[in-house]
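K.L.:
Mind having a look at this structure? Questions to follow.
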Amino acid sequence: MRADEPTLARLMGQAQAGDKQAYAVLLGECQRWLRFYFGRRIAPSQLDDLVQETLLALHHKLATWDATRAFLPWLAAIARYRWVDHLRRIYRADETELADELAGADEEPAIAARISLERLFAQLPQPQVRAIELVKIEGLSVSEASRACGQSESLIKVNIHRGLKKLTAMIEKA
């Protein structure tokens, strides 16, 4: 069965009401959708873990879905955040491995990810890129990033929000 938006929304409503059978069907359909969504974005060896992590996030956020809104965009938002977190983990893990093992490491995935990120960043204004790099990649707080690049804290937040929104749109187009 290939569930459509109304079917998924109905299943989600039933799941929120405590229907375990509807919840099981919903998770199965979401799993299929997520496998397709992530299948074009990550390595096949990482697919199962990311799908399960996203289903777990869906479970934790079950009560936050609003029945007056569409289900698939809500699921896509959860998936997108899990995917970004996954990329961040890979980037940081590869960076750590590189420092620990200077020779013999397979650097291709990390390099490809960084090249892709740099290509996306090239399409953003520099203040947005700098704010995203400082806060989201390097892990600085908003106030630390503000001091580092001379932007106000509110401008840092705005630049991050607008930059991530543009990046999301570019990635979803691809």
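The values are calculated or read from the model by the stated rules, or taken from the named source; none is laboratory data. Keep in mind the model is a prediction, meaning the values are calculated, not measured. For accessibility, only protein heavy atoms count, side chains too; no ligands or nucleic acids. Shrake-Rupley method; radii C 1.70, N 1.55, O 1.52, S 1.80 Å.
K.L.:
Under the 0.36 nm per residue contour assumption, what length would be gained going from the current alpha-carbon distance of E118 and F36 to full extension?
P.N.:
Working: separation 82, 0.36 × 82 = 29.52 nm, distance 2.54 nm.
Here the segment from E118 to F36 would lengthen by 27.0 nm.
K.L.:
So, one more: Quick one: give the max-minus-min coordinate of the C-alpha atoms of segment 1-67 along each principal axis, largest first, in Å.
P.N.:
Cα spread of segment 1-67 along its principal axes, largest to smallest: 36, 24, 20 Å.
K.L.:
Follow-up question, since we're still on this one. I'd like to check one number: the per residue accessible area of the chain, probe 1.4 Å, reported in Å² as a whole number.
P.N.:
Heavy-atom accessible area per residue stands at 62 Å².
K.L.:
In the set (i) 18.7, 55; (ii) 16.0, 53; (iii) 18.8, 59, which value of Rg and Dmax of the Cα atoms in Å was calculated from the structure you see?
P.N.:
The listed entry that was calculated here is (i).
K.L.:
Next question, about the same structure. Could you name the lysines in cross-link range of K166, using Cα to Cα under 23 Å and dropping any fewer than eight places away on the same chain?
P.N.:
Leaving aside lysines fewer than 8 places away in the same chain, those within reach of K166 are K136, K157.
K.L.:
A follow-up question, please. Carbon-plus-sulfur fraction of the accessible area of the chain, 1.4 Å probe, in percent? Don't jump to the answer; show the numbers that get you there.
P.N.:
Working: 5920 of 10740 Å².
Of all accessible area on the chain, carbon and sulfur atoms account for 55 percent.
K.L.:
Continuing with the same structure: Over the chain, what is the relative contact order in percent, taking alpha-carbon pairs closer than 8 angstrom and at least six residues apart? Mind showing how you got there, number by number?
P.N.:
Working: 107 pairs, mean separation 24.6, N = 174.
Once normalised by length, the contact order is 14 percent.
K.L.:
Next question, about the same structure. Run the 1.4 Å probe and let me know the accessible area of R130, rounded to the nearest 10 Å².
P.N.:
R130 has an accessible surface of roughly 80 Å² with all protein chains in place.
K.L.:
Tell me what the chain gives for mean residue ellipticity at 222 nm when only DSSP H runs of n ≥ 4 count, each as -39,500 (n - 2.57), the sum divided by the residue total, rounded to 500 deg cm²/dmol. Let's see the in-between values first.
P.N.:
Details: 8 runs with 129 residues, N = 174.
Value at 222 nm, helices only: -24500 deg cm²/dmol.
K.L.:
Under a straight-distance cross-link criterion of Cα-Cα below 28 Å, which lysines are reachable from K20, leaving out those fewer than 8 residues away in the same chain?
P.N.:
K61
K.L.:
What do you get for the angle between helix 5-16 and the principal long axis of the chain? Use alpha-carbon atoms, 0 to 90 degrees, nearest ten.
P.N.:
Rounded to the nearest ten degrees, it is 80.
K.L.:
To continue, here is another question. Figure the gain on full extension for K166 and S152 (residue separation times 0.36 nm, minus the Cα-Cα span) and round it to one decimal in nm. Numbers along the way, then the final one.
P.N.:
Details: separation 14, 0.36 × 14 = 5.04 nm, distance 2.08 nm.
Contour length minus Cα-Cα distance gives 3.0 nm.
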